[in-house]
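The values are calculated or read from the model by the stated rules, or taken from the named source; none is laboratory data. Small disclaimer: the values here were computed from a predicted structure and weren't measured. Cβ placement follows ideal geometry from the backbone for every residue including glycine, while neighbour counts extend to all protein chains displayed.
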Amino acid sequence: MADIFDKIIAGEIPAYKVYEDDDVLAFLDISQVTPGHTLLVPKKHVADIFDYDDQTAREVLLKLPILARAIKASNPAITGINIQSNNGPSAGQTVIHSHWHLIPRYDDDNLNAQLAPTIDHSADFTPARYQEIANQIAKEMEAGK
Ligand code: 5GP
């Protein structure tokens, strides 16, 4: 059965996309733990870290530093980034389609250094604000190609 990320990949439900190629899609996490919180997912259905073949791992993981640099470059207030992947329900995985959280950090974000991406700030974000953030990151991805 198609999960929510399969539907985003298929264009059946909308997302604020920041990068797409044949193998991966990156889009804003709806919860925005901090502004710019992005998910990187393989287009191929991979359930979790245990389910990757080598080729898919190369395609996805190579994009992590490139995407991290684009996110950092998108906003001068971003001074760090947490990258996290939850694998298996016991580890907090709620969408069973492998994904990598990239959570920008700000000097004044008042979050613990270690954080689980379970904080939901979506009520603070309008469609225009999501789009503005997505555009800034997408622009940096384009520049960094
Ligand atoms: P997990 O808990 O599996 O590590 O993370 C799942 C993430 O998917 C959560 O951070 C949640 O906010 C995000 N998410 C769930 N549904 C949607 C959706 O429909 N659109 C977007 N953009 N993010 C979603």
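Some points to look at:
- If the condition is being crowded, with 20+ Cβ neighbours inside 10 Å and in contact (Cβ under 8 Å) with a residue 60 or more places away in the chain, then the range 80-107 contributes H97, H99, W100, H101, L102, I103, P104.
- So Y130, is it more than 11 Å from Q32 (Cα to Cα) and either surrounded by fewer than 18 Cβ atoms within 10 Å (Cβ to Cβ) or modelled with pLDDT of 95 or more (or both): no
- Only one of the listed residues (R129, R105) is in a helix (DSSP H, G or I) and not polar (S, T, N, Q). That residue is R129.
- The residue pairs whose first member lies in the range 1-17 and is under 18 Å from A134 (Cβ atoms), whose second member is hydroxyl-bearing (S, T, Y), and whose beta carbons are closer than 6 Å, counting only pairs six or more residues apart or on different chains, are Y16/Y130.
- Within the range 84-100, being at positive phi and either more than 8 Å from the ligand (Cβ to nearest atom) or among the polar types (S, T, N, Q) (or both) holds for one residue alone: G88.
- With respect to the conditions (1) at pLDDT below 90; (2) of a type outside the set (K, R); (3) surrounded by 12 or more Cβ atoms within 10 Å (Cβ to Cβ); (4) under 21 Å from L64 (Cα atoms), Q136 falls short on a single one, namely (1).
- Condition met for L62 (closer than 16 Å to L25 by Cβ and either buried (at least 20 other Cβ atoms within 10 Å of the Cβ) or among the aliphatic types (A, V, I, L, M) (or both)): yes
- If you go through the range 5-30 and keep only what is surrounded by 15 or more Cβ atoms within 10 Å (Cβ to Cβ) and farther than 20 Å from M141 by Cβ, you end up with just D6.
- Index of the failed condition, V33 passing every other in (1) modelled with pLDDT of 95 or more; (2) assigned to a loop (DSSP other than H, G, I, E, B): (1)
- Whichever residue in the range 108-126 is away from the ligand (no atom under 12 Å from the Cβ) and either surrounded by 10 or more Cβ atoms within 10 Å (Cβ to Cβ) or in a loop (DSSP other than H, G, I, E, B) (or both) and, among such residues, is modelled with the highest pLDDT: T126
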